[in-house]
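Notes for the one structure printed next.
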Amino acid sequence: GESCGVFGVYAPGQPVAGQAYYGIYALQHRGQESAGIAASDGETITVVKDMGLVTQVFDEQRLAALDGHLAIGHVRYSTTGTSDWRNAQPVYRSVGNAGFALAHNGNLTNTEELAGGLGQLPGMVPSASVADSTSDSDLIAAMMSRIWGNDDRADGRDLEESLLATLPELEGAFSLVVMDDAHLVGVRDRHGFRPLVVGRLEGGWVLASES
């Protein structure tokens, strides 16, 4: 199985890119292949990710671009197979007039079955790398996108509704941090195989794949 590091922070009125940076830096031992952060200022999600260590991917200039009061971060563990920028997370999806970003740790056990149910999705990697967490992440994002905005909702609950529809179908050991432009959500598999720890900040909250 694959163990990556995921991190989320939500602190209204505070710039959180620095906290996300230190969060994934502290999780660096969970993955050295790629690092990424997605941040939102309440209207726009910005994603910066690349191959390499946290300190190689982020400098002051790249962190300055990550404006906002909520963010998620990811460090990836190198698995056998190709090291590819496309495997870096967070995964971002543009849906309707909005979008969401997702960072995933763990492995689904029913990836092939779920992918089959969706048809071969654009952007899905071939089944040869089905054990790869990126295909899992893409799959979860594709399932969420399919549900997103179906009801022309105006209540801002698209993220919540798409997660509620998608999560019961997922099997395996995983934790996720997911965000839209205004909300941060942490998810743990029903058995708690993969840890997800909630912490309190002054004026905010933190989610991390370890304490």
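The values are calculated or read from the model by the stated rules, or taken from the named source; none is laboratory data. These figures come from a predicted structure and were not determined experimentally. Positions of Cβ are generated from backbone atoms using ideal geometry, with glycine treated the same way; all protein chains shown enter the neighbour counts. We work out accessible area using only protein heavy atoms, side chains counted, and drop any ligands, DNA or RNA first. Shrake-Rupley method; radii C 1.70, N 1.55, O 1.52, S 1.80 Å.
A few notes on this one:
- On the stretch given as region 69-114, residues that are hydroxyl-bearing (Ser, Thr, Tyr), open to solvent by 40 Å² or more (accessible area, probe 1.4 Å), modelled with pLDDT under 90 and touching a strand residue (DSSP E or B) at 6+ places or on another chain (Cβ under 9 Å) total 3.
Okay, residues lined up against (1) touching a strand residue (DSSP E or B) at 6+ places or on another chain (Cβ under 8 Å); (2) of a type in the set (Ser, Thr, Tyr); (3) modelled with pLDDT under 95:
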| site | (1), (2), (3) |
| --- | --- |
| Val130 | no, no, yes |
| Ser137 | yes, yes, yes |
| Arg146 | no, no, yes |
| Asn150 | no, no, yes |
| Asp155 | no, no, yes |
| Leu163 | yes, no, no |
| Pro168 | no, no, no |
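- Selection of first residues in region 174-197 that are farther than 22 Å from Gly99 by Cβ and of second residues that are surrounded by fewer than 20 Cβ atoms within 10 Å (Cβ to Cβ) and of a type in the set (Ser, Thr, Tyr), restricted to Cβ pairs under 7 Å at least 6 apart or on distinct chains, gives the following pairs, ordered by first then second residue: Val197/Ser211.
- Failed item in (1) under 18 Å from Ala103 (Cβ atoms); (2) outside any helix (DSSP H, G or I); (3) without any contact (Cβ under 8 Å) to a residue 60 or more places away in the chain, with Asn150 passing the rest: (1)
- Applying the condition of being small (Gly, Ala, Ser) and assigned to a helix (DSSP H, G or I) to region 153-173 and asking which residue is farthest from Glu112 (Cα to Cα) yields Ser162.
- The number of residues in region 174-211 that are of a type outside the set (S, T, N, Q) and assigned to a loop (DSSP other than H, G, I, E, B) comes to 15.
- Residues located in region 1-52, provided they are closer than 17 Å to Asn105 by Cα, open to solvent by less than 60 Å² (accessible area, probe 1.4 Å) and outside any strand (DSSP E or B): Glu2, Ser3, Cys4, Ala20, Gly23, Ile24, Leu27, Gln28, Arg30, Gly31, Glu33
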